[in-house]
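To start, the structure itself, in structure tokens.
Throughout, read-outs are computed from the coordinates displayed, never taken from laboratory work. Just so it is clear, the structure is predicted and the values come from calculations on it, not from any experiment. Don't worry about glycine lacking a Cβ; one is built from the backbone with ideal geometry, like all the others, and counts go over all protein chains shown.
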Amino acid sequence: MKNTFGNNLTVTLFGESHGPAVGCVIDGLAPGIKIDMENVRHCLMQRAARGDISTPRQEVDEVEILSGVKNLTTEGTPVCLIIKNTTKISSAYSALENTPRPSHADYTAEMKYHGYQDKAGGGHFSGRLTAPLVAAGAIVRQALLALGIKIGTHIKELHGVADRAFYDLPRDIDEINEQSFPTLDKGKAELMKKEIIKAKEAYDSVGGILETAIIGMPAGVGEPWFDTVEGILSHALFSIPAIKGVEFGDGFAFADMTGSEANDPYAYIDGKIVTTKNSNGGILGGITSGMPILFKTVVKPTPSISQPQNTVDIKALTNTVISVEGRHDPAIIHRARAVVDAVTALALGDLLATRYGTDFLAGGKTL
């Protein structure tokens with residue numbers, strides 16, 4: 001099983017949802033990067049379950065760094081971190097031992113690992129493993145920020161309720177990065193929360209669309225074919241549970257445009273070559289143009305719902321019906337944004353390390 005992402009800056013995940021701990025190893029991280037643990041906790045809190053719109057499973061998510069860091073500064077050697085699982089209740093999954101939950105990885109995991117995999121809570125396939133991913137991304141994100149690169153994600157749409165578009169990117173990114181429920185229009189946040197509560201009361205769940213903006217990336221990063229910026233980012237984004245679609249810039253809307261509508265004209269303004277619009281989302285030929293990178297990700301509704309659902313007993317080979325018990329989210333999109341930000345940071349860090357060398361992330365200079 002391949003659990004490692006990256007070429008020059010890599011992250012390897014380990015652990016299971018109901019095991020002792022989940023964690024990761026970050027390799028290729030430059031020496032000399034200062035780590036702000038309060039910021040790491042802030043990012044983990046953005047991922048944390050909260051209130052009626054999330055699962056009742058409340059984890060502390062305290063990060064323990066086992067190697068590669070001294071005096072809160074990276075040494076350049078592999079950084080290993082763990083987050084202990086403190087509130088696991090595996091008994092809720094015993095009744096599902098042989099009945100795969102619809103739209104989960106239960107059946108595909110069974111086919112690949114022949115029943116030897118940990119099944120409780122989804123095991124290694126659980127969204128629980130996004131906790132160390134967020135911690136790793138937070139560390140790399142701090143290095144990117146020192147280089148003038150900012151990342152921010154808001155809930156573009158949730159079950160028919162749409163947020164406003166990005167307008168003032170530096171200000172918008174700063175504002176949503178402080179929010180636990182990230183919308184650019186505060187009123188839309190309340191409407192979205194009501195949709196989540198309605199789904200919960202119906203023993204159902206909802207999904208939506210996240211939109212991410214990146215500012216400060218230099219032009220010329222990325223490769224023209226198999227390691228395009230879109231390819232590397234998509235590789236990372238599709239590793240997140242529940243992400244089922246990614247589009248860059250205007251994405252699928254290009255299908256209804258003419259070339260004159262879709263093209264981004266160039267201009268020389270204030271000593272810089274820029275494009276006067278950004279339909280291509282800051283990437284051309286697989287390489288960054290220096291314009292803001294913009295992309296959207298589709299988050300499907302949480303598959304664990306309490307409504308009766310058809311499935312198969314894979315041992316008896318009979319049709320049956322299950323109702324998933326346990327602690328589950330009526331929506332995960334507000335928590336998933338922290339994971340999208342994290343894997344985006346990891347992907348950008350790897351792209352920059354590939355372009356400029358692994359020591360670049362410790363440079364601390366503005367691009």
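Miscellaneous remarks
- With loop membership from DSSP and a limit of 15 other Cβ atoms within 10 Å, the longest segment of the chain without chymotrypsin sites (Phe, Trp or Tyr not before Pro) is 239-367.
- Computed FRET value (nearest 0.05) for Asp185 with Asp52, which takes r as the C-beta separation and R₀ as 22 Å: 0.55
- Largest GNM mean-square fluctuation among Leu66, Leu317, Leu145, using the chain with Cα springs under 10 Å: Leu317.
- Top positive-direction residue, dipole computed over the stretch 4-357 with Cβ charges, set Leu72, Ala165, Gly208: Leu72
- Rough spin-label spacing in nm, given labels placed 7 Å along Cα→Cβ, for Tyr107 and Gln307: 1.8 nm
- Cα gyration tensor shape for the stretch 237-361, rounded if a/c is under 1.5, else prolate or oblate: prolate
- Charge dipole magnitude, Cβ of K and R +1, D and E -1 - the chain, Cα centre, debye nearest 20: 480 debye
- Estimated purely from DSSP H runs of n ≥ 4, each contributing -39500 (n - 2.57), the mean residue ellipticity at 222 nm for the chain is -8000 deg cm²/dmol once divided by its residues.
- Leu317 paired with Ala267, simple spin-label distance in nm, labels 7 Å along Cα-to-beta-carbon: 6.8 nm
- Table column - 3J(HN,Hα) (Hz), the stretch 208-221, Karplus curve with 6.51, -1.76, 1.60, x for Gly and Pro: x, 10, 9, 10, 10, 10, 10, 10, x, 6, x, 6, x, 9
- Above-threshold pairs, the threshold being 20 Å between Cα atoms, out of Lys156/Lys186; Lys2/Lys150; Lys156/Lys244; Lys2/Lys112; Lys34/Lys150; Lys150/Lys194: Lys2/Lys150; Lys150/Lys194
- log₁₀ of I(q)/I(0) at q = 0.11, 0.15 Å⁻¹ - the chain, Debye sum with one point per alpha carbon: -0.78, -1.37
- The stretch 130-225: trypsin sites (Lys or Arg not before Pro) falling in loop per DSSP and having at most 15 other Cβ within 10 Å: Arg164
- Of the trypsin sites (Lys or Arg not before Pro) found in the stretch 303-367, the ones in coil according to DSSP and having at most 11 other Cβ atoms within 10 Å of their Cβ are Lys315, Lys365.
- Of the GluC sites (Glu not before Pro) in the stretch 224-277, those whose Cβ has at most 15 other Cβ within 10 Å and which sit in DSSP loop: none
- Entry for the stretch 222-310 at q = 0.12, 0.21, 0.24 Å⁻¹: log10 I(q)/I(0) = -0.49, -1.07, -1.23, Debye formula applied to identical alpha-carbon scatterers, no solvent contribution.
- Residues Val134, Val69, arranged from fewest to most other Cβ atoms within 10 angstrom of their Cβ, appear as Val69, Val134.
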